[in-house]
Amino acid sequence: SVEDIRREIERVAAQFPQINVIDGRNFVPHIMEYFCDRRMHPNDAGYLHYAYHLYNAIKPQLQMGD
């Protein structure tokens with residue numbers, strides 16, 4: 001299942017302290033109009049939400065070099 005895959009990614013990534021796993025399950029609102037297949041794959045509007053939240057999730061790491 002998708003949940004099993006998520007857990008396995010987290011398990012493997014935990015072996016590498018320089019890797020941060022970002023949970024993007026809630027990056028796109030769970031509203032049918034944001035998905036091209038009405039449930040799983042985001043459309044353009046859904047990807048706008050995804051990009052916004054992904055940027056905010058990685059922004060602290062990007063600023064570490066300042």
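Residues are listed down the side, and each one gets a yes or a no for (1) at pLDDT below 95; (2) touching a strand residue (DSSP E or B) at 6+ places or on another chain (Cβ under 8 Å); (3) part of a helix (DSSP H, G or I):
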site	(1), (2), (3)
12	no, no, yes
16	no, no, no
25	yes, no, no
38	yes, no, no
48	no, no, yes
60	yes, no, yes
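For residue 52, work out the one condition from (1) open to solvent by 80 Å² or more (accessible area, probe 1.4 Å); (2) at pLDDT below 95 it doesn't fulfil.
Only one criterion is unmet by residue 52, namely (2).
Tell me whether the range 29-44 contains one or more residues that are among the aliphatic types (A, V, I, L, M), free of Cβ contacts under 8 Å to residues at least 60 places away in the same chain and open to solvent by less than 70 Å² (accessible area, probe 1.4 Å).
Within the range 29-44, not a single residue is among the aliphatic types (A, V, I, L, M), free of Cβ contacts under 8 Å to residues at least 60 places away in the same chain and open to solvent by less than 70 Å² (accessible area, probe 1.4 Å).
Filter the range 1-28 down to residues that are surrounded by 10 or more Cβ atoms within 10 Å (Cβ to Cβ), of a type in the set (Gly, Ala, Ser) and within 17 Å of residue 41 (Cα to Cα), then give me how many there are.
Qualifying residue count, the range 1-28: 1.
The values are calculated or read from the model by the stated rules, or taken from the named source; none is laboratory data. Everything numeric in this text was worked out from a predicted model, so none of it was measured. We place every Cβ from the backbone using ideal geometry, glycine too, and count neighbours over all the protein chains shown. We work out accessible area using only protein heavy atoms, side chains counted, and drop any ligands, DNA or RNA first. Shrake-Rupley method; radii C 1.70, N 1.55, O 1.52, S 1.80 Å.
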